[in-house]
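First the structure, in the form of structure tokens, and then the observations on it.
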Amino acid sequence: MSVLNAERIKLTTTKSPMWCSLIAVVVSVGFAAIMGTAYKSLVSSGDTSMGEFTVAYTQAGAAQFGAMLVMIMAALAVTTEYRFGVIRTTFQAIPNRTQVIGGKALLLAIVAAVLGLIISLVSFYLGQATSGVSLSIGSGDNARELFGIPIYYALLAVLAVGVGTLIRQSAGAISLLLLWPLVIESLATMIPKVGKYIGEFGPFNNISYFLGSGGNFDFHWGPWGALLYFAAFVAIVFGAALFLVNKRDA
């Protein structure tokens with residue numbers, strides 16, 4: 001508990017978590033309003049190109065832009081300490097490095113999950129209001145697509161802490177976290193023969209499938225299997241981070 005309390009103080013006394021959270025809410029919710037307004041405008045003009053308005057439409061901003069900001073927030077919580085050398089003092093006070101990194105990941109996962117729940121619910125209701133479409137949470141896959149966002153954010157926080165611990169440099173960690181879903185798992189799918197497998201087994205493509213927007217890839221398991229696949233990927237990265245943080249100098 002003392003480790004968690006120390007990490008809480010660090011998190012609440014720096015500006016980056018507050019700004020990342022605020023921007024994540026504004027951008028995600030704003031995008032839900034844009035999607036709803038666009039759908040209503042197209043339907044009123046007789047255009048059905050967007051198909052049926054679903055929960056995934058209301059969560060598109062949260063799953064894309066909000067997720068990026070969550071990763072940035074969590075990565076900075078680690079890399080900033082390495083940048084200013086504060087991590088050495090932390091490890092001197094708490095020699096158990098696994099406990100330090102684990103406590104940081106746990107706290108950030110909780111914060112990210114709460115943030116994700118707020119964003120998903122506000123986006124859900126605002127998307128309905130702007131689109132004029134009524135959606136039931138208990139219908140079809142709506143509950144999974146809605147409450148999958150907090151789960152996704154919690155896993156992203158753990159992943160970002162792991163990557164930040166491995167790289168120990170803000171620009172490098174953030175670049176990798178953002179480029180992986182945007183470039184490696186998007187543009188690389190266009191490579192002949194190999195691209196198909198990158199799409200099917202890409203961790204971020206799988207979590208997108210869980211959230212209801214996985215593209216046209218032929219996944220080898222269902223949505224919940226895709227979630228477990230992404231969780232296993234996060235666990236491997238975080239496990240590697242814990243191993244290396246105990247092996248090398250601070």
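The values are calculated or read from the model by the stated rules, or taken from the named source; none is laboratory data. Everything numeric in this text was worked out from a predicted model, so none of it was measured. Here the Cβ positions follow ideal geometry from the backbone for every residue, glycine too, while neighbour counts run over all protein chains shown.
Some points to look at:
- Among the residues of the stretch 40-68, the ones that are more than 18 Å from the chain's Cα centre (by Cα), within 21 Å of Ser208 (Cα to Cα) and either part of a helix (DSSP H, G or I) or among the acidic types (Asp, Glu) (or both) come to 1 in all.
- In the stretch 99-156, of all residues being of a type in the set (Ser, Thr, Tyr) and either modelled with pLDDT of 90 or more or touching a strand residue (DSSP E or B) at 6+ places or on another chain (Cβ under 7 Å) (or both), the one that is surrounded by the fewest Cβ atoms within 10 Å (Cβ to Cβ) corresponds to Tyr125.
- Number of positions in the stretch 9-39 that are among the polar types (S, T, N, Q) and either buried (at least 18 other Cβ atoms within 10 Å of the Cβ) or not in a helix (DSSP H, G or I) (or both): 4
- The stretch 38-52, subset in contact with a helix residue (DSSP H, G or I) (Cβ under 9 Å, 6 or more places away or on another chain) and modelled with pLDDT of 85 or more, residue farthest from Ile207 (Cα to Cα): Lys40
- One residue stands out among those in the stretch 216-248 that are in a helix (DSSP H, G or I) and small (Gly, Ala, Ser): the one that is surrounded by the most Cβ atoms within 10 Å (Cβ to Cβ), which is Ala241.
- Residue identified as in contact (Cβ under 8 Å) with a residue 24 or more places away in the chain and over 30 Å from Thr98 (Cα atoms) among Leu156, Leu115, Leu121: Leu121
- Boolean, Phe210 is surrounded by 21 or more Cβ atoms within 10 Å (Cβ to Cβ) and touching a Pro at 6+ places or on another chain (Cβ under 7 Å): yes
- Scanning the stretch 157-175 for residues that are over 11 Å from the mean Cα position of the chain (by Cα) and surrounded by 17 or more Cβ atoms within 10 Å (Cβ to Cβ) turns up Val161, Gly162, Val163, Gly164, Thr165, Leu166, Ile167, Arg168, Ser170, Ala173, Ile174.
- Count of residues meeting criterion [within 21 Å of Ile174 (Cα to Cα) and either in a helix (DSSP H, G or I) or in contact with a Ser or Thr (Cβ under 6 Å, 6 or more places away or on another chain) (or both)] in the stretch 69-95: 18
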